Amino acid sequence: SRPAVSLPRRLDELGIHDTLLVALYGTVLASAAASLIGLCYSRLTARFGHVMLRRVAAAAWTAALLLFAVAGHWAPLLAVPVLTGVGSGVTMPTLTVLVDRAAPAGQRGTATSLPATALFGGQFAPRCCPAR
């Protein structure tokens, strides 16, 4: 059998087959965490700075991947989308601000759209062109 590489497959392995529950796991928890970070982002940036926030994002994503790999029950997997949401909620605005500061004024719109383009392109590419 192939290893599970997505949360729905992992939950299926652990006996969670209800599509509504799977959607709540993956979408609602990650979106809520990212939204909460977004609401607090200016205060977090003022208090900790961009370098620390990037470290927090990397730590959150690492913890999510490790937990995803080792969890043997559905309950600890509740933290996986929350941790990935925290990582994304910190990373997207941080990258946008840092790219905006580094790009020349006439190229800021294009430059700030590239991280999101890469993110969504990376999510689409495996579905478009699966490995054989």
Q | Accessible surface, per residue, of the chain when the full set of protein chains is kept, probe 1.4 Å, Å² | A | 66 Å²
(Q) Please report the carbon-and-sulfur percent of the accessible area for segment 36-132; probe 1.4 Å, protein heavy atoms only, DNA, RNA and ligands left out. (A) 70 percent
Q. Roughly how many whole Å is it from the C-alpha centroid of segment 12-73 to that of segment 98-129?
A. 21 Å
(Q) Tell me which of Pro81, Ala33, Gly122 sits at the most positive position along the dipole axis of the chain, charges placed on C-beta atoms (Lys, Arg +1; Asp, Glu -1). (A) Gly122
Q.
If R₀ is 30 angstrom, what is the calculated FRET efficiency for the pair Cys40 and Thr117, using the beta carbon separation as r and rounding to 0.05?
A. 0.70
Q) Using the Karplus equation 6.51 cos²θ - 1.76 cosθ + 1.60 (θ = phi - 60°), what ³J(HN,Hα) coupling, rounded to whole Hz, does each residue of segment 113-118 give in order, writing x for Gly and Pro? A) 7, 5, x, 5, 4, 5
Q) What is the projected area of the convex hull of the Cα atoms of segment 31-120, averaged over all directions, in nm²? A) 6.5 nm²
Q. Using the per-residue mean of other Cβ atoms lying within 10 Å as a proxy for protection, in what order, highest first, do the peptides 79-90, 62-73 fall?
A. 79-90, 62-73
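The values are calculated or read from the model by the stated rules, or taken from the named source; none is laboratory data. The structure presented is a predicted model; accordingly, all values stated were derived computationally and were not measured. Heads up, the Cβs are rebuilt from the backbone with ideal geometry, glycines too, and the neighbour counts pull from every protein chain shown. Please note that ligands, DNA and RNA were not included when accessible areas were found on the heavy atoms of the full protein model with its side chains. Shrake-Rupley method; radii C 1.70, N 1.55, O 1.52, S 1.80 Å.
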